1. On full extension of the chain, what length is gained from V171 through N231, given 0.36 nm per residue of separation minus the C-alpha to C-alpha distance?
2. I'd like to know which of L159, F49, V174 lies farthest towards the positive end of the charge dipole of the chain, counting +1 on Cβ of Lys and Arg and -1 on Cβ of Asp and Glu.
3. Return the inverse of the average 1/r over all pairs of distinct C-alpha atoms in the chain, which is the Kirkwood hydrodynamic radius, in Å to one decimal.
4. What percentage of all Cα-Cα pairs in the range 118-211 are separated by more than 23 Å?
5. Relative to 2.2 N^0.38 Å, what does the C-alpha radius of gyration of the range 1-55 come to as a ratio? Two decimals please.
6. Report the calculated FRET efficiency for L41 and L21 (r = Cβ-Cβ distance, R0 = 30 Å), to the nearest 0.05.
7. Mind giving me the FRET efficiency for V6 and R88? R0 is 22 Å, r the Cβ-Cβ distance, nearest 0.05 is fine.
8. Sequence gap at least 6, Cα distance under 8 Å: using those rules, report the relative contact order of the chain to the nearest whole percent.
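No lab work stands behind these numbers, since they all come straight from the coordinates. All values reported here derive from a predicted model rather than from experimental measurement. Methodologically, a virtual Cβ is constructed for each residue, glycine included, from the backbone with ideal geometry; neighbour enumeration extends over all protein chains shown.
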Amino acid sequence: MNTWFVRFITSSIGKKVVMALTGLFLISFLIIHLIGNLQLLSGAGGQAFNEYAYFMTHNPLIKATSYGLYASILLHAIQGILLWIKNRQARGSQGYAVKANRTAGASKASYRMGAIGSIILIFLVIHLIQFWYQTHWGSQIETVDYEGWDQPINDLYALVAFTYTNIWMVVFYVVCMIFVGLHLWHGFESAFQTLGLSHEKWTPLVKIVGRVLSVALAAGFAIIPIWMYLNQ
Ligand code: HEM
C-alpha cells in the first residue's frame, strides 16, 4: 500500500481523522437503526418490524453497506483504544503539572471518551450476540408466516420482545444508552473539530446539533426496552 497513506493513517492526526470519519458514519447508522427499531413499538405482532428486518438483511446494497459498518466499528474501536493508551501514557509522564492548563482539559475529555467508548464496545458485543448473531446464525429465533409472503420469515420481534421481559436487560440497555448519549455529546462536535471544520459561525450550530442528536438517540433507543417491558 502507498507508504504516505500508511504513515498518515498510523500517525496521531491520521488516527484522529479515521476516528472522526468512522464516528460520523456510525452516527448516521444509529439514526437509521433507531428509525427502523421504532417499528418495534408499532405492535401488531411485530409484522412491520420483521418485514423491515428481512429487507435490511436481504437487500444486496444494504448488505454491502453492512460490511462498511463492521469495518468502521472495528477501525473506530481499535484506533480509539490506541489513542486512549497513548493519552494515558502521556498523562502519566506529564504528572499533575499540566492539569491546570487547557491541554489537560482536552486530555481529560479524551480520557473520558476512551473510558465510555470501551463500555459501549462491551455493550455492542453483548448486543450483537443477542440480536445480530441470532438473526443470522442463531437457534433461538423462530419463523413466522405472514399473508402475502410465500415463505416464513424470522420472528426477530419475538426475540427482542422476549429479551425485554427481563427487567435487568431493560436496565442494562437504558444505562448503556446513557453512555451512548454521553459519548455522542462530545464526539459529534469533536469530529468536526478534528476534520478542521471549525468556524466561528458554524461551530455553535454543530454544538447544538450534536447535543440534540445525542439526547434524541439516547432517549429514542432507551424508550424501546422500557415501552416493550411495560406493554408485554
Ligand atoms: C434499544 C436499543 C436497540 C435495539 C432494540 C436494537 C436492536 C437491534 C436488532 C434487533 C438487531 C439485529 C437486526 C439486524 O441485524 O439488522 C441489531 C443489530 C445491530 N445493532 Fe442494534 N439495537 C439497539 C441499539 C443499538 C445501539 C445503541 C448500537 C450501537 C451503539 C447498535 C448497534 C447495532 C449493530 C452494529 C447491529 C448490526 C447491524 C447490521 O448487521 O447491519 N444497536 N440491533
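1. Net length gain for the segment: 20.0 nm.
2. My answer, from the dipole projection, is V174.
3. 19.7 Å
4. Of all Cα-Cα pairs in the range 118-211, 50 percent lie more than 23 Å apart.
5. For the range 1-55, the normalised Cα radius of gyration comes out at 1.85.
6. That gives a FRET efficiency of 0.40.
7. That pair, V6 with R88, gives E of 0.35.
8. 26 percent
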